[in-house]
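Following: one structure in structure tokens, then a few remarks.
The values are calculated or read from the model by the stated rules, or taken from the named source; none is laboratory data. Predicted model only: the values in this text are computed from it and were never measured. Methodologically, a virtual Cβ is constructed for each residue, glycine included, from the backbone with ideal geometry; neighbour enumeration extends over all protein chains shown. All accessible areas refer to the heavy atoms of the entire protein, side chains included, with ligands and DNA or RNA removed. Shrake-Rupley method; radii C 1.70, N 1.55, O 1.52, S 1.80 Å.
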Amino acid sequence: MGEGSSPVSAGGRVLPPNDPRQYDDLADEWWRPDGVFAMLHWLARARAALVPPAPRPGALLVDLGCGAGLLAPHLTGKGYRHVGVDLTRSALAQAAEHGVTVVNADATAVPLADGCADVVAAGEVLEHVPDWRRAVAEACRLLRPGGLLVLDTLNDTVLCRLLAVEIGERLPTVPRGIHDPRLFVDHRQLIAECARHGVDLRVRGVRPGLRGTLRWLVRRARAAGRRGPQSTPAGPAPEIKPTWSTAVLYQGRGVRRG
């Protein structure tokens, strides 16, 4: 499927790539550890590891593109009020069940006050936003001086388009058409945009651990063969590990100047 131009099928409907309605069709997949959103669980755990304990009572963490609240279990005990922002109501209903205070809104127009957040998390959302610069501006606006921005996204490279779309979306664990590669985010442009809004962002490449991922895929295949596709593979989930290259998937962490 070249550069996101081909329509895709989701839940019996024909939708273009990156259409938000896909998430309604996939609503039952969010909390399945072997489902199509499995990697989002792995990334949520890695993103939460970048978040320190709350600096004060009542500290606020705003989770842009929160989906069904996959970050919530990994924030337990850190002391934050967790507010999740997302367009998809079916996902927000599940996030609320996991203790997230939900806001149905676009990441480019968040109805929260300037400087309200001690932490803003933007995990796997920028590559789904038609105007990622506006989403970055909102994330930085929400941060108080000294507040922390944590994010992860896909890079705007030929290698990323090959691995994430041309190959990745042909695997049974990735929804077909979930990405539009025209929206992928160049890490150098992201650093510059964050700096323009007062956040000094540092990035590093990350990837799933190869051995852990292979073991997980084998467990998933065996479980599906024995008990059907809804079964859950036993054993630990793969870890997201740092890597030398930002060419595909990368994390960012930065503090707002003030």
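Rounded to the nearest 500, what is the chain's calculated 222 nm mean residue ellipticity when only DSSP H runs of at least 4 contribute -39500 (n - 2.57) each, over all residues?
Per the formula, -7500 deg cm²/dmol.
Report L210's accessible area, 1.4 Å probe, all protein chains in place, as a number in Å² to the nearest 10.
For L210, the solvent-accessible surface is approximately 120 Å².
How high is the relative contact order of region 131-201, given as a whole-number percent (alpha carbon pairs under 8 Å, six or more residues apart)?
Dividing the mean separation by the residue count of region 131-201 yields 42 percent.
What longest region of the chain stays clear of trypsin sites (Lys or Arg not before Pro) that DSSP places outside H, G, I, E and B and that have at most 15 other Cβ atoms within 10 Å?
After excluding every exposed loop site, the longest remaining stretch is 79-256.
Quick one: accessible surface of H187, probe radius 1.4 Å, all protein chains present, in square angstrom to the nearest 10.
40 Å²
For D63, enumerate residues with amide H under 5 Å from its amide H, sequence gap 5+ or separate chain, H modeled in the peptide plane.
For D63, whose amide H was placed from the backbone, the distant partners under 5 Å are V83, G84, V85, A121.
At 1.4 Å probe radius, can you tell me the per residue accessible area of the chain in Å²? If you can, show how the numbers build up before the last one.
On the way: 11940 Å² over 258 residues.
I get 46 Å² per residue for the chain.
Hey, could you grab the Kirkwood Rh for region 25-164? Inverse mean 1/r over distinct alpha carbon pairs, Å, one decimal.
On the way: mean 1/r = 0.0658 Å⁻¹.
Mean inverse Cα-Cα distance, inverted, gives 15.2 Å.
Gain in length, W31 to A105, computed as 0.36 nm per residue apart minus the alpha-carbon separation, to one decimal in nm? Please report the intermediate quantities before stating the final value.
Values: separation 74, 0.36 × 74 = 26.64 nm, distance 2.18 nm.
Length gained between W31 and A105: 24.5 nm.
Take every DSSP beta bridge with both residues inside the chain and express the antiparallel ones as a percent of the total, to the nearest 5. Before the final figure, lay out the partial values.
Numbers: 21 of 40 bridges.
Antiparallel bridges make up about 50 percent of those DSSP assigns within the chain.
Select one label from (i) 55, 37, 36; (ii) 62, 54, 35; (iii) 55, 41, 35: the one whose number is Cα extents along the principal axes in Å as derived from the coordinates shown.
Step by step, Cα extents along the principal axes in Å for this structure corresponds to label (i).
Under 5 Å between amide H atoms, partner at least 5 residues away or on a different chain: which partners does R207 have, H built in plane at 1.01 Å?
Amide H neighbours of R207: K241, T243.
Return one number: the angle in degrees, 0 to 90 and rounded to the nearest 10, between the long axis of the Cα atoms of helix 187-196 and the longest principal axis of the Cα atoms of the chain.
That works out to roughly 20 degrees.
Could you work out what % of the accessible surface of region 110-250 is carbon and sulfur, using a 1.4 angstrom probe and leaving DNA, RNA and ligands out of the count?
About 58 percent, which is the carbon plus sulfur part of the accessible surface.
At a 1.4 Å probe radius, which order do I167, I240 fall into by accessible area, largest first?
I get I167, I240, largest accessible area first.
Taking the Cα atoms only, what angle lies between the long axis of helix 38-48 and the longest principal axis of the chain, rounded to 10 degrees?
20 degrees
Quick one: what are the phi-derived ³J(HN,Hα) couplings along region 131-136, Karplus 6.51/-1.76/1.60 with θ = phi - 60°, whole Hz, x for glycine and proline?
10, 5, 5, 5, 5, 5
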